[in-house]
Amino acid sequence: MTGPQGQPPNPQPPNGTPQPPNGDVQPPQGDPQPPNGNAHVPHSGPQHPHNGPQPPHSAPQHPHSGPQPPHSGPQHPHSGPQGALPPRGPQGPYGTQGVPQQGQFAPPDGRPRPTFIPAYGAQPQMPYGPPRPGFGAPPMYPGAMYPPQRPPYGPPHVYPGRPPFPMPPYGYAPPPPPPPVRFSVGTHRLHWATAPLRAFVIMVIYFVLLGFPLLMTRTRSGAGLELSPEVLLRFLILSIVAGVAAVAAGLWGWLALRFWVEGDDLVVQNGLLRRRVRRIPLSRIQAIDVVRPLVTRVFSLAEVRVELAGGEHSEIAFRYLGRRAAQDLRAELLALAAGLPGHTPEAPERPVYRVPFGTLLAGLMLRLPVIGTFLLFIFSLVFLIAFQEAAMFAVALPALLGLIRAVIAPMVMYANFTVAVSPDGIRLRYGLLETRMQTVPPGRVQAVGVVEPSIWRGLGWARLDVTVAGYAGERQALSSTLLPAAPRAVAVQLVSLVFPGTSVDAVPLLPASARGMTVDRADGAGTDNVIFVARHGWLCRRTDVIAHARAQSVRLTVNPVQRLLKLATVHVDAPPGLVQVAAADRELGEARAIVESTAQRARSARATSGDTTHWATRRTPAS
Amino acid sequence: MYPVAEQQEGAGGYPAADAFEPGGGLGWSRISPRYPWHRRIVALLRAVAAGAVGAFLLWRGGGTVAAVVWVAAVLTVLVASWVVVEFAYHAHGYAEREDDLIVTSGVFSRRLVVVPYGRMQFVDVSAGLLDRWMGIATVRLHTAAAATDAEIPGLPAAEAALLRDRLARKGEERSMGL
């Protein structure tokens, strides 16, 4: 266990730097700042720009020392518009590699920090590379799941130099696990059990729509169940016909769908008589989900969904594969998309966080709308009982439904939520009845929002919303949570893993103009070389983050009210999703300057890390 | 002031008055002067239809005064849009910069979109019946973000085709996935 999983969930005392509700500027240096200045930082050299209280600042190249530092000498880059420009270039405050350095984003309290988890996409540890030729069929690397292949028949193989007794006598050895299916070689079909499963579903539909009414006979008192021989015969004949048709349909569907990997494409062919072939470039894969609905869990089946950026019907769903085959297919597609050979074993992962059930439940309940609805429900119940007022049902029932929707449904959906990182992406596993395993490859997360409802802020909790380009329509609502409830430090660390090389809390936010017609005093925005951050929300605070490399366009809008006040809003556009980043109510000239600088940062970020295909074999430009 | 602003050369000197200028010494490329007339013809056709149908229904309903008021209201809206269209024409503009296209529009709510060439997914040119008769077309840029919505209406048709080809070429040179 390398991650913080084994550790207590780090309930983070009300946050070293409670971001002041009036949108104040974070202190640029000094130890209370959460993501740095920790006693456990191993390297405290002068090259690190955020180390503890600094002497009156003698590093003029520090580009992030905040807007109004107490030491605003004329040589300081941020002393005003007339200040000297900082040298632009790779020497950002977070290291040159775009990868957080060890110990940099430590929790704000002085606890021992969990072992550092490297950003996914960057893999200094090297078990995940081109496979070495092993002696068994599957390639071997330390920690591989596959044991060496033994001959299935004959006397047990005795390895030279090893005592034979660990081997049970012949006939008693557990069967070796079947070799994994190589999806990159040959043509494949779905699991054979999908044929009977589909036939069964068709039979159920038949029975409900046709079979059951056939069993009913009209009697004097209406329809009744009267099993006379002729009724039974009629039913049996029709049922047999329907059964044959259902089995044929199931077989047909199973035979019709075939898929294989051809070069850099995944090819899916559907249909026996009329063939429909879809060719999907693997580099377009945005995310891969392995979903196991409750029914298929019984049969150890799983569905694999490949998400592509391209709208409502652009995903490919393989319903259903065997459980292990689904894992293998997922691993192979990700390996191929990463530019590795398809038979590369599944990338190892490091757990980051597991949401305890109590945290999830408490987090879902401790929200103002939920508490309000709950009170409304209780009051309406009291009224209902005390005054025998049946009309109060009209209040109680919607309130109850709302509670189910807001608390019970997410609780069932996000139970056992675990986050892990691996070189082929962020892996999420969750679900009580229907389990999901989501994998988002590196660079596919478009934008992230740290959401802190009012009560959660007191507890130091946060939720992480995410925009991934693949999920459209209904699936977007289902798959846009990166963390349902967790200590804020964990959320911030996860953002640093998603957008390597920076931290949300390290970005100095500047409050919006005081002239804005809003009660939202949390409005603020800031940027560094990697991300653009916009914060807003008075009660429920949102901190929306987008990487410059992912920005699609930058917009400046002025509505009529803002026009009177000479204000503007800057939008940094992401693909459609839950998180959209906008810095509201900036001064007009400042807003335009933000637009220009954001466009320029996006340009340079794209030049270095814009291309996200073949992430494993691509040479990072910084290295 | 703003750290974003200062790391950009010359950005600190962005006066509020120039917030909707293309910058970099460029000027806005304007759209065709036929565009306001296109809008006016559309407005006139709509006003005639709405005024006639509404007035007829009201008159049938027995309210002669109401019909007159309705016609007056439609006329007012028509006159207002006649004037506003002129402002809208002057508000539209686009400029092709080195790495991005910048488009501005809007009279009451102003907007300015910066679209990097590398982010364009496709560019389309559309022209309706009236547009074709007047020899103008609309160029629309699509990125992966639906909110981008960069649209240049009322370009002369030939210029629209040229602009589309230029944008497509630049987009291809700098293209990258999502």
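The values are calculated or read from the model by the stated rules, or taken from the named source; none is laboratory data. Keep in mind the model is a prediction, meaning the values are calculated, not measured. All Cβ positions, even for glycine, are placed from backbone atoms using ideal geometry, and neighbour counts span all protein chains on display. Just so you know, the surface numbers come from the protein's heavy atoms only, side chains and all, with ligands and any DNA or RNA stripped out. Shrake-Rupley method; radii C 1.70, N 1.55, O 1.52, S 1.80 Å.
The H on the amide N of residue B:121, modeled in the peptide plane, is under 5 Å from the matching H of B:142, B:143, B:144, each at least 5 residues off or on a different chain. Karplus-based coupling profile of the range A:261-266, in residue order and whole Hz: 9, 10, x, 9, 10, 9, with θ = phi - 60° in 6.51 cos²θ - 1.76 cosθ + 1.60 and x standing for Gly or Pro.
3J(HN,Hα) couplings calculated from phi for the range A:548-557 with the Karplus curve 6.51 cos²θ - 1.76 cosθ + 1.60 (θ = phi - 60°) are, in sequence order, 4, 5, 9, 5, 8, 7, 10, 10, 10, 10 Hz; Gly and Pro show x.
Short-range pairs are left out: with C-alpha atoms under 8 Å and at least six residues apart, the relative contact order of the range A:485-549 is 23 percent.
Across the range A:356-414, C-alpha contacts under 8 Å between residues 6 or more apart give a mean separation that, scaled by the residue count, equals a relative contact order of 42 percent. Orientation-averaged projection of the range A:375-429 equals 4.8 nm² [convex hull of Cα atoms, one quarter of hull surface area]. Once the partner protein chains are put back, the range B:127-174 shows a loss of at least 30 square angstrom of accessible area, versus the chain by itself, at B:144, B:145, B:147 (probe 1.4 Å, ligands and nucleic acids excluded).
Close amide-amide hydrogen proximity is noted between residue B:28 and no other residue 5 or more places distant or on a separate chain, at a cut-off under 5 Å (H modeled in the peptide plane; Pro and chain starts excluded).
In chain B, Cα pairs under 8 Å separated by at least six residues give a relative contact order of 19 percent. Across all directions of projection, what mean area in square nanometres is found for the Cα convex hull of chain B? Over all viewing directions, chain B projects a mean Cα-hull area of 13.9 nm². Remark: the range A:507-519, residue by residue, has Karplus-estimated 3J(HN,Hα) of 7, x, 9, 9, x, 6, 4, 6, 7, x, 8, 7, 8 Hz, where x stands for each Gly or Pro and the curve is 6.51 cos²θ - 1.76 cosθ + 1.60 at θ = phi - 60°. Once a ≥ b ≥ c are taken as the square roots of the eigenvalues of the Cα gyration tensor of the range A:445-609, is the result rounded (a/c under 1.5), prolate (a/b larger than b/c) or oblate (a/b not larger than b/c)? Note, shape of the range A:445-609 comes out oblate. The Cβ shell under 15 Å around residue A:330 holds other residues with a net charge of +1, Lys and Arg each +1, Asp and Glu each -1. Here each label is just a point 7 Å from Cα along the line to Cβ, and for residue B:107 and residue A:226 those points are 7.8 nm apart. Look at the dipole of the range B:59-143 built from charges on Cβ: of B:103, B:90, B:73, the Cα furthest out on the positive end belongs to B:73. Taken across both chains, chains A and B shield about 4100 Å² of accessible surface from a 1.4 Å probe. Based on Cα atoms of the range B:35-88, Rg over Rh with Rh as the Kirkwood radius reads 1.09.
Annotation: per residue accessible area for the range A:194-350 equals 53 Å², rounded to a whole number [probe 1.4 Å, protein chains only].
A straight chain from residue A:273 to residue A:299 at 0.36 nm per residue would run longer than the Cα-Cα distance by 6.4 nm. Among A:264, A:289, the order of accessible area from largest down is A:264, A:289, computed with a 1.4 Å probe on protein heavy atoms. Summing +1 for each Lys or Arg and -1 for each Asp or Glu, what net charge is found among the other residues whose Cβ lies under 10 Å from the Cβ of residue B:120? Neighbour charge sum, excluding residue B:120 itself: +1. The Cβ shell under 10 Å around residue A:319 holds other residues with a net charge of +1, Lys and Arg each +1, Asp and Glu each -1.
If you bin all the Cα-Cα distances of the range A:194-350 at 10 Å, starting from zero, the percentages per bin are 10, 28, 27, 16, 11, 7, 2, 0.
In loop segments of the range A:176-257 as defined by DSSP, the chymotrypsin sites (Phe, Trp or Tyr not before Pro) with at most 14 further C-beta atoms inside 10 Å of their C-beta are A:192.
Calculated accessible area for the range A:356-414 comes out at 62 Å² per residue, all protein chains present (probe 1.4 Å; ligands, DNA, RNA ignored).
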